[in-house]
Amino acid sequence: MDLSVREVALMLGVTEKTVHRWLRDKAIPGHRLHDQSRFNRVEIQEWAVQRGVKVAPEHVAPAGPALELPSLRQAIERGGVHLQVAGRTPEDVLGAVARLPGIPEGVDRALLRQLLISREALTSTGIGGGIAIPHPRDPLVMQIQEPVALACFLEQPVDFHAIDGEPVRVLFALLSPSIRTHLQILSRLTFALHDATLQKLLRGPCTEEALLSRLGAIEESDDRRRER
């Protein structure tokens, strides 16, 4: 449990009083440790994703050397943009994702399918607005060297039991080499999904060129903001 109430408040852009109220109402995942409220960084980030809370990427990584944030655009360039991904249920879709050519060589596809379905069974990765972000619960299992993201436009909308009840049309499957990178890529993606132009593109399906171009513009703008 690596986050304090103060750190969660900073990460989510709210007051400490608000975090305490959420805890009291059991509206946010937290734990008591040595008479203090503590939080798991991955749980809080996923909680924020599911509720559409915009978290700046620089606030989500565990303490460590100051490194350049991983690029979401480059992660999608590795994984690719995939159209007409088939499936009538979340299990069907996630199985189809595990078979896509964007999965890195050396990844056990059967294990990946199992991990994606197991993660989905814990709680929906549908974040609302017709979008889902499936990923293994423990990113270290995949043993890859660089983050990979697959942008998948589904053949038909599929009910992922998202928080808003809207069927999923687009999903981004994330594979990461570390928890730090996973949190940063997840945050970069959720940050980008607040962009109105990107939202319009995702109602497509859009071309790979258009998607990568918009993501690049969003990341460049965000990087300039952080450098100020």
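The values are calculated or read from the model by the stated rules, or taken from the named source; none is laboratory data. Model, not experiment: these values are computed from the prediction. Cβ coordinates were reconstructed from backbone atoms using ideal geometry, including for glycine residues, and neighbour counts include every protein chain displayed.
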- strands (runs of 3 or more DSSP E) contained in region 115-228 and holding at least 2 residues touching a strand residue (DSSP E or B) at 6+ places or on another chain (Cβ under 6 Å) and not β-branched (Val, Ile, Thr): 148-158, 168-175
- Message: Would you confirm whether or not region 107-118 contains a residue that is farther than 16 Å from GLN45 by Cβ, of a type in the set (Gly, Ala, Ser) and surrounded by fewer than 23 Cβ atoms within 10 Å (Cβ to Cβ)?
- Response: yes
- Message: For the condition in contact with a Lys or Arg (Cβ under 7 Å, 6 or more places away or on another chain), under 18 Å from GLY80 (Cα atoms) and aliphatic (A, V, I, L, M), what is the one hit in LEU198, LEU189, LEU171?
- Response: LEU198
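Go through ALA196, ALA173, ALA217 for me and flag whichever is loosely packed, with under 15 Cβ neighbours inside 10 Å, modelled with pLDDT of 90 or more, closer than 27 Å to GLY13 by Cα and among the hydrophobic types (A, V, I, L, M, F, W, C). Give the derivation first.
Values: ALA173 fails: loosely packed, with under 15 Cβ neighbours inside 10 Å; ALA217 fails: loosely packed, with under 15 Cβ neighbours inside 10 Å.
Testing whether each residue is loosely packed, with under 15 Cβ neighbours inside 10 Å, modelled with pLDDT of 90 or more, closer than 27 Å to GLY13 by Cα and among the hydrophobic types (A, V, I, L, M, F, W, C) leaves just ALA196.
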